[in-house]
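Asker: Below are the structure tokens for one structure; questions will follow.
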Amino acid sequence: MANPDAPVAVLTGMSTASAGEAVVVAFRGRPDTRFFGKQTNGIPTGNQAHRLSDGGLLVLTEAKSADRTG
């Protein structure tokens, strides 16, 4: 990276979901970083599908994201 301390702008909106939200979390707490836009979609990453005995499918979010401050 040419300048790891360069200012960063993170743009968010209702189309920011899943892995995009993970990127937002990764930049939280970083110095010289500002966030612009609206709230994210709230669709998490880290989903795991579980087949049920009746043939149904249960999808659970089994991962947590944490910013650099925990």
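Asker: With every protein chain kept in the model, how would you rank Ser18, Ser65 by accessible area, 1.4 Å probe, largest at the top?
Answerer: Ranking Ser18, Ser65 by accessible area, largest first, yields Ser65, Ser18.
Asker: Tell me, what is the per residue accessible area of the chain in Å², probe radius 1.4 Å?
Answerer: Each residue of the chain exposes 77 Å² on average to a 1.4 Å probe.
Asker: Taking 1 over the mean of 1/r across every pair of different Cα atoms in the chain, what Kirkwood radius in Å do you get?
Answerer: Kirkwood radius, the chain: 14.1 Å.
Asker: At a 1.4 Å probe radius, which order do Glu21, Glu62 fall into by accessible area, largest first?
Answerer: Result, largest first: Glu62, Glu21.
Asker: For the chain, with all protein chains present and a 1.4 Å probe, just round the carbon and sulfur fraction of the accessible area to a whole percent.
Answerer: 55
Asker: A further question follows. What size of dipole, in debye to the nearest 20, comes out for the chain about its Cα centre when the only charges are +1 on Lys and Arg C-beta atoms and -1 on Asp and Glu C-beta atoms?
Answerer: 120
Asker: Once the whole set of protein chains is in place, how much accessible area is left on Phe27, using a 1.4 Å probe, in Å² to the nearest 10?
Answerer: 60
The values are calculated or read from the model by the stated rules, or taken from the named source; none is laboratory data. Everything numeric here is computed off the predicted structure, so don't read it as measured data. Note: ideal-geometry Cβ built from the backbone for every residue, glycine included; neighbour counts use all protein chains shown. Accessible surface areas use protein heavy atoms only, side chains included; no ligands, DNA or RNA. Shrake-Rupley method; radii C 1.70, N 1.55, O 1.52, S 1.80 Å.
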